[in-house]
Each structure stands twice: as C-alpha cells, then as structure tokens.
Amino acid sequence: KSGFVAIIGRPNVGKSTLLNYVVGQKVAIMSNVAQTTRNKIQGIYTSPEAQIIFIDTPGIHKPSTKLGDFMEKSALSALDEVDAVLFVVSATEKRGPGDDFIIERLKKVNQPIFLVVNKIDQINPNDLPEIVDQYKDALPFKGIVPISALQGNNVNNLINDLIKIL
Ligand code: GDP
Ligand code: MG
C-alpha cells in the first residue's frame, strides 16, 4: 500500500515534530531533494506494509493578496489529490482564528480528514473530551486521534488509521 498524506495546521501545533517522529532522519534528506511545483515532499514513512509520502501544502496560511489567493487555490487543489489530510491542532491551546481559517478551507476538500489532537502529554486526560468538542463537529472527520508527537504516544495508531484508508 502507498499514498500521499498532507499535514496541515497552524504554526506551533507540532507538524514538524510529528513528521520527524514518523519519518525520522528521512525528513531532512527528502525536503532538500524531492519537490514538485505544488507540493513539497517532507518525508516518507516506510514499513513492510506501506509507504506514506507526507507533503506540505504551501500557501494555505497566506494572507489574501492576489499571489496569496493563487497559492491558496493551488494548495487547496493539491489537498484534493492526496489520499488523506491530517489537520493537526494543539491540545494545549484553545481553538482560535488560525484553526478556523484552516477549517473553512478544509470544508472544500473532499478527501478524508483526520483530526490530530497533539501535545496530549501536556494535558490532564480528563480534559481531552472538552478539547475535542471544540473541533469534532467542525468537519466530517474520518477519525480523531489524540497523540503526543514529542513522545510518540499513539502515533502508531495514527499510522494504522492511515494505512487502512490507503
Ligand atoms: P509546527 O510549527 O506545527 O511545525 O510545530 P513544531 O513541530 O515546530 O512544534 C512547535 C513546538 O511544540 C516545539 O517546541 C515542539 O517541541 C513542541 N511540541 C510539538 N509536539 C509536541 C508534543 O506532542 N508535546 C509537547 N509537549 N510539545 C510538543
Ligand atoms: Mg513546522
């Protein structure tokens, strides 16, 4: 099995940390080499079972200039070409305008979207349902996966969920 997965989320939610955890050393190597016009390959996860190519979607957070609009349209159409989208949010911060901006854009995306609630090592587990409630009805999520990208908690389940839909 193989497929493309886009990672999206506002700054500092832990996108790079997740990528680093999942693909390890390969991130730095790939990000210098493989690039297409619209998508930047950030890393490749490889196991005997599957290969998952993680991509960056440049332009999705750009302000509304003409160039920004163009880049955003490109980024959005790129999102319809991947097999899945990971929308990463931080459990340590309230849902804010940066999240809302992305949610609005993702409403136009037809591919399966997973809500990844990161940094769960920083919260009381009892607070998780309340955190998830802020997002769970915002989009028709294919799955909701709490993780700690820093410690690697539950990342294997995230990968397994992705492999299932490839
Ligand atoms: P990005 O901007 O979305 O790529 O976010 P980064 O991956 O650069 O992470 C931003 C900050 O959050 C860094 O200081 C990371 O070490 C920290 N961070 C990322 N994931 C976690 C996590 O699961 N737990 C904790 N405690 N910190 C995290
Ligand atoms: Mg980053």
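Laboratory data are not the source of any read-out in this text; all were calculated from the coordinates shown. Computed from a predicted structure; not experimentally measured. Cβ coordinates were reconstructed from backbone atoms using ideal geometry, including for glycine residues, and neighbour counts include every protein chain displayed.
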* **Interchain or long-range residues, amide H under 5 Å from ASN153's placed H** => SER148
* Asked: Setting aside same-chain residues fewer than 8 positions from LYS164, which aspartates and glutamates have a Cα under 14 Å from its Cα?
  -> GLU49, ASP83
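Using 1/(1 + (r/R0)^6) with R0 = 25 angstrom and r between the beta carbons of LYS94 and ASN153, what's the FRET efficiency to the nearest 0.05?
Numbers: r = 22 Å, r/R0 = 0.86.
Approximately 0.70, to the nearest 0.05.
What full-extension length gain, to one decimal in nm, is calculated for LEU166 and GLU130 as 0.36 nm per residue of separation minus the Cα-Cα distance?
Working: separation 36, 0.36 × 36 = 12.96 nm, distance 3.04 nm.
Length gained between LEU166 and GLU130: 9.9 nm.
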* Net charge near THR92: determine it from the other residues with C-beta under 15 Å of the C-beta of THR92, scoring Lys and Arg +1 and Asp and Glu -1. => 0
* **C-alpha center-to-center spacing [region 133-166, region 1-19] in angstrom** => 11
